[in-house]
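To keep things clear, I will list the structure first and then write my remarks on it.
The values are calculated or read from the model by the stated rules, or taken from the named source; none is laboratory data. What you see is a predicted model, and the numbers here were worked out from it, not measured in a lab. So basically every Cβ, Gly included, is an ideal-geometry build from the backbone, and we count neighbours across all protein chains shown.
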Amino acid sequence: MTDTVTRIGIIGCMGRMGQAILARVQSEPSAVFSAGSEIASHPLAGAVVPDTEIIVASAAEAVFHDADVVIDFTPPGQTAAHATLAAETGTPYVVGTTGLTAGDHMALSVAGEKVAVIQAGNFSLGINMLMALVREAAAKLDSSWDIDIVEMHHKHKVDAPSGTALMLGEAAAEGRGQPLDALRTPAREGITGERVDGSIGFAALRGGAVIGEHEVIFASESERLVLSHKAENRGLFADGAVKAALWLVHQPPARYSMSDMLRA
């Protein structure tokens, strides 16, 4: 890492989130965009990133070699491979990809033994505050209060429920003192039977250009409590990711969460 300016690489630099992150990096005095990549079939692979002299690489390896820290918000599928590259190059790794598999999480944990890694389903300060409120509400309201999480995103999102919805579900389950897998109810369709007391349900909506909306509904026989968050633009995620990157370059090897950064 350089003494005064952090070189930030972006995997998927020409996607919707990649461009938002790039704009945030370019506005940050203590950071500089050093490398970016897209998949080889992307129409802009090999082109010059606008307003820079940097060529869009067709392989992620170049990004890890030319950056002090790498940010990755690409669709699921390559996270484990990217985590391996982070460990091999000693490059801190910021992961905003959702829809991760157990194998992806294992790869991130293994990489965290050699390099600093931070992974979150959402880099928004508001969402992380919502998680704390959900955890507290679930702890104080007994199992007679049903919990459902409703989320909506743009029609191009490929995974469901969203990573943020799952984070909120985990916060609710933690408040109830159990793992989410023990309480989670699959998406409802057809003749499902009555609801199981204490279960946590999910509903995923997709349409239009919605950036991200989440509601956590606590429903009893006589009242409902609704905690919600709406993202107005992708800038809030980009801002959180860049803040995480600038923090991560100073941390020892480990796997971190947004809560770790916010407590620091």
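Please specify each residue of region 216-229 satisfying the condition of being part of a strand (DSSP E or B), of a type outside the set (Phe, Trp, Tyr) and within 13 Å of Ala137 (Cβ to Cβ). Full working, then the answer.
Step one: list which residues in region 216-229 are part of a strand (DSSP E or B), which gives 216-219, 224-229.
Then drop every residue that is not of a type outside the set (Phe, Trp, Tyr), which leaves 216-217, 219, 224-229.
Of everything in region 216-229, those that are part of a strand (DSSP E or B), of a type outside the set (Phe, Trp, Tyr) and within 13 Å of Ala137 (Cβ to Cβ) turn out to be Val216, Ile217, Ala219, Arg224, Leu225, Val226, Leu227, Ser228.
Do the conditions hold for Ala137, that is, is it touching a Pro at 6+ places or on another chain (Cβ under 8 Å) and of a type in the set (Gly, Ala, Ser)?
On the way: touching a Pro at 6+ places or on another chain (Cβ under 8 Å): no; of a type in the set (Gly, Ala, Ser): yes.
In short, no.
Identify, please: which residue in region 134-155 is surrounded by fewer than 15 Cβ atoms within 10 Å (Cβ to Cβ) and touching a residue at least 40 places away in the same chain (Cβ under 8 Å) and is, among those, farthest from the chain's Cα centre (by Cα)?
Narrowing region 134-155 to residues surrounded by fewer than 15 Cβ atoms within 10 Å (Cβ to Cβ): 136, 139-140, 142-144, 154-155.
Applying the additional criterion that residues be touching a residue at least 40 places away in the same chain (Cβ under 8 Å) yields 143-144, 154-155.
Details: Ser143: 29, Ser144: 31, His154: 16, Lys155: 18 Å.
It comes out as Ser144.
Per-residue answers, yes or no, for (1) touching a Phe, Trp or Tyr at 6+ places or on another chain (Cβ under 8 Å); (2) of a type outside the set (Lys, Arg); (3) farther than 20 Å from Thr97 by Cβ; (4) surrounded by fewer than 16 Cβ atoms within 10 Å (Cβ to Cβ):
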| site | (1), (2), (3), (4) |
| --- | --- |
| Gly169 | yes, yes, no, no |
| Gly175 | no, yes, yes, no |
| Ala204 | no, yes, no, no |
| Ile217 | no, yes, yes, no |
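Within the set of pairs 6 or more residues apart or between chains, which connect a residue that is in a loop (DSSP other than H, G, I, E, B) inside region 241-264 to a residue that is at pLDDT 95 or above and not hydroxyl-bearing (Ser, Thr, Tyr) with Cβ atoms less than 6 Å apart?
Here the result reads Val249/Asp68; Val249/Val69; Val249/Pro92; Gln251/Ala116; Pro253/Lys114; Pro253/Val115; Pro253/Ala116, each pair linking region 241-264 to a residue that is at pLDDT 95 or above and not hydroxyl-bearing (Ser, Thr, Tyr).
Being surrounded by fewer than 24 Cβ atoms within 10 Å (Cβ to Cβ), at pLDDT 95 or above and in contact with a strand residue (DSSP E or B) (Cβ under 8 Å, 6 or more places away or on another chain) narrows it down to one residue among Gly126, Gly112; which is it? Working first, answer last.
Numbers: Gly126 fails: at pLDDT 95 or above.
It is Gly112.
All but one of (1) at pLDDT 95 or above; (2) part of a loop (DSSP other than H, G, I, E, B); (3) under 23 Å from the mean Cα position of the chain (by Cα); (4) not aromatic (Phe, Trp, Tyr) hold for Pro29; state the number of the condition that does not hold.
Against the list (1) at pLDDT 95 or above; (2) part of a loop (DSSP other than H, G, I, E, B); (3) under 23 Å from the mean Cα position of the chain (by Cα); (4) not aromatic (Phe, Trp, Tyr), Pro29 comes up short only on (3).
Scan Gly207, Gly212, Gly175 and give me the residue that is of a type outside the set (Asp, Glu), in contact (Cβ under 8 Å) with a residue 60 or more places away in the chain and either in contact with a His (Cβ under 9 Å, 6 or more places away or on another chain) or within 20 Å of Leu130 (Cβ to Cβ) (or both). If you could, list the steps in order and put the result at the bottom.
Details: Gly207 fails: in contact (Cβ under 8 Å) with a residue 60 or more places away in the chain; Gly175 fails: in contact (Cβ under 8 Å) with a residue 60 or more places away in the chain.
Going through Gly207, Gly212, Gly175 in turn, the sole match is Gly212.
Does Arg24 fit the bill of being part of a strand (DSSP E or B) and buried (at least 17 other Cβ atoms within 10 Å of the Cβ)? Walk me through how you get there before you give the answer.
Details: part of a strand (DSSP E or B): no; buried (at least 17 other Cβ atoms within 10 Å of the Cβ): yes.
So Arg24 fails the test.
Looking at region 202-215 only, could you name the residues that are under 30 Å from Phe33 (Cα atoms) and not in a strand (DSSP E or B)?
First, the residues of region 202-215 that are under 30 Å from Phe33 (Cα atoms): 209-213.
Listed by number, the residues that qualify are Ala209, Val210, Ile211, Gly212.
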